[in-house]
Amino acid sequence: MPELPEVETIRRQMERDVVGKKIKTVDVSGTRSVRRQPKKQFISRLEGTKLTGVRRKGKFIMVTLDSGDLLLVHLRMSGQLLRTANKDEVAKHTHVTITFTQHGQLRYVDPRTFGELFVTNPDTIDEDAPDVVSLGIDPVEEPMSWTNFGRMLMAHKMKLKAFLTDQTILAGIGNIYSDEILFAAGLRYDRTTDSLSTMEIRRLYRAVVETLHDAIKFSGSTLADDQYVDLFGKPGEYQEHHQVYGRDKLACRRCRSVITKAKFAQRSTYFCPDCQM
DNA sequence: CGATCTACCTGATGGC
DNA sequence: TGCCATCAGGTAGATC
């Protein structure tokens, strides 16, 4: 489900709403959402700690705790973090409930159970979470020059969509935003990284940054199944601004050609055959 | 090394 | 209605 803009929306809300709160109790039900460490350890390392900050790298949310530990959350396809009152009805597929000493709870809900939570520490994260350590550059948190971006492109010979969605190169871009970025850049998903002119490199870098910032401004994208909602259960609005994603057989908003749907790496890919070359 | 595919899950949707 | 196939924001791991 969520990509960088959706995760960033939740991060910003958590920064305002849960930082400073102290965890009273943690409840874990089911076996899949906390799977990287024993449930008991997960719970004991959280209970009694205070949340001191919320950061993000790619699609990971990292909550800093006053114990020095880090609570890591990855929502994968269908995870939601929801701020609730203690007495609010418990939604189906609620797998983790964090109750604060005051002012309610933070709940983790995830129908498909692909997402996960775990507690780690800066000293042990190399062993605990190699997937976090190996993340590439977060294009929103770590801005770079377009020349540096060009060097990254040249260092990997692959198709543009594979480049954009490889979390060890750029962290945070998934299936929706790679398609939207490539439309904004006027480039096809199957162009190779080493085929771009200087102008195209600049266009692509600009599209990465602008598309992600735009999507954050509109609180991310909620698709027809309503799976993505923010910390307070509210859907995003960026789907109304999609130029290509989910718009196959519709007219391109720019040139009126028909948007095409293709398969790339077993995923749907949408593009305008006339605006993207 | 890269690319390609499969598996992990539940639920919504569409065709027959 | 029901049944079955297909698809969905992601990524790790096996295989070639």
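Give the cross-link partners of residue A:157 among the aspartates and glutamates, using a straight C-alpha distance below 14 Å as the criterion and excluding same-chain residues fewer than 8 apart. List returned: A:166, A:190, A:194. Using only the Cα atoms of chain A, build the gyration tensor, take square roots of its eigenvalues as a ≥ b ≥ c, and label the shape rounded, prolate or oblate: rounded if a/c is under 1.5, else prolate if a/b is larger than b/c, else oblate. Prolate shape, in that a/c is at least 1.5 and a/b is the bigger ratio.
Taking the C-alpha atoms only, the angle from helix A:198-217 to the longest principal axis of chain A is near 40 degrees. Once each part is reduced to its C-alpha centroid, what is the distance from region A:1-57 to region A:202-266 in angstrom? Rounded to whole Å, the Cα centres lie 27 Å apart. Of A:39/A:159; A:92/A:261; A:40/A:217; A:59/A:261; A:21/A:161, which ones are farther than 29 Å apart at the Cα? Beyond 29 Å between Cα atoms: A:39/A:159; A:92/A:261; A:40/A:217; A:21/A:161.
Pairs of alpha-carbon atoms within less than 8 angstrom and 6+ residues apart define the contacts here; what relative contact order does chain A have, in percent? List each step's numbers first, then the result.
Details: 559 pairs, mean separation 50.1, N = 277.
Averaging sequence separation for qualifying contacts and normalising by length gives 18 percent for chain A.
Using only Cα atoms and rounding to the nearest 10 degrees, what angle (0 to 90) does helix A:175-185 make with the longest principal axis of chain A? The helix A:175-185 is inclined about 40 degrees to chain A.
When Lys and Arg each count +1 and Asp and Glu each count -1, what net charge do the other residues less than 12 Å away from residue A:134, Cβ to Cβ, add up to? Local net charge: -2. Taking Cα atoms only, the orientation of helix A:146-155 departs from the longest principal axis of chain A by about 90 degrees.
Rule-based calculations on the coordinates, nothing more; no lab input. This structure is a prediction, so every number in the text was calculated from the model and none was measured. Counting neighbours? That spans all protein chains shown, and the Cβs are built from the backbone with ideal geometry, glycine included.
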